[in-house]
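Below is one structure, written out as structure tokens; comments come after it.
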Amino acid sequence: MTGPQGVYDVQHPHFRDLTIPTVVPVKIADGMVWAEGPVWFSEHDCLIWSDIPSDRMWRYFPGLGTAVFRAPSNFANGNTRDWNGSLLTCEQGGRRVTRTRPDGTIEVVADRFEGHRLNSPNDVVVAPDQGIWFTDPPYGILSDHEGHRGDPEYGGCHVFRVDPMSKRVEAMATDFVKPNGLAFSPDARRLYVADSGRTHDPAGPHHVRVFSVDGFKRLSGGEIFAEIAPGVPDGLRVDIEGNVWISAGDGIHTYAPDGTLLGKVHLPATVSNLCFGGSRHNRLFVTATDAVWAIAVNIKGAMR
Ligand code: MG
């Protein structure tokens, strides 16, 4: 059953509690080539995101419009914030994860694993112990479109954790084809990780896996949580109830923590990523191909 203009595809009655049937997505910016990595800064009331092929990052102030935030951006992709409020950015061109402090200073968080360069970090999230988790598929080194063509150096596409004390880069999951978006459950006892391997292999994975997290630093499990079609899962976020909002080829697919598909929010372009934001943290900001959309929902996002 769909709502106004076919926006909402309700698969379970609870999806009506999470959405607002009269709300339609509002395009807040366009003209990008491939928008990605939205992140909300509540103290500045602004959204920052990446346009990977254009090698720049943008900033949007509600009611005021958009402006370039950083150019060049080293082909930045996913963004998040650490617990001190600094911006964390996956730089596909720089083959590294960086931290931008509030004073504008940029420092390297991770650029090597066991002495080898990373592939092209894609998305990043922070655990309550301040461990920084990121995925490292090869999208930024496959061509010059989203980075710089180059060779993989460590022989895999891992999910990594940067230890908050030692700063060591540790491989946490090594059996992904192309690990992509990732997010913790509100209690950080689960980690969801997308595998978008089907982008370059019709038989490749297009699912999200769920891991149990022990002590913020050990993973177990890793079974398939959701198969996403059409398209592949790219970025994902979790709300305060633990529902998982996953990007897809036709919009956003929302799953309950038990894996039940609750519903879909349809958008007219392939969605790459999303985040919760706004003054009450109940607005979805969605990067979808060349544009960014805002959708008011009836649930708040988990903090990270
Ligand atoms: Mg991604």
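Every number in this text was worked out from the coordinates using simple rules, so none of it is lab data. Note that the structure is predicted; figures quoted are calculated from it, not measured. Don't worry about glycine lacking a Cβ; one is built from the backbone with ideal geometry, like all the others, and counts go over all protein chains shown.
Neighbour counts of C-beta atoms inside 10 Å place L87, L219 in the sequence L219, L87, starting with the fewest.
Our summary gives the chain a relative contact order of 17 percent, counting only alpha carbon pairs under 8 angstrom and 6 or more residues apart.
Wrap a convex hull around the Cα atoms of the range 175-304, take a quarter of its surface area, and give that in square nanometres. Here the figure is 7.8 nm², rounded to one decimal. Label the range 224-270 by shape, choosing from rounded, prolate and oblate, from the square roots a ≥ b ≥ c of the eigenvalues of the Cα gyration tensor; if a/c is under 1.5 it is rounded, and otherwise prolate applies when a/b is larger than b/c, oblate when it is not. Prolate is the answer for the range 224-270, as a/c is 1.5 or above and a/b outweighs b/c.
The convex hull defined by the C-alpha atoms of the range 61-198 has an orientation-averaged projected area of 9.6 nm². Eigen-decomposition of the gyration tensor built on the alpha-carbon atoms of the range 127-212 gives equivalent ellipsoid semi-axes of 24, 17, 10 angstrom, largest listed first. Between V286, V124, V177, the GNM of the chain built on Cα springs shorter than 10 angstrom shows V177 fluctuating the most. Extent of the chain along its three principal axes (Cα atoms, max minus min coordinate, largest first): 53, 43, 37 Å.
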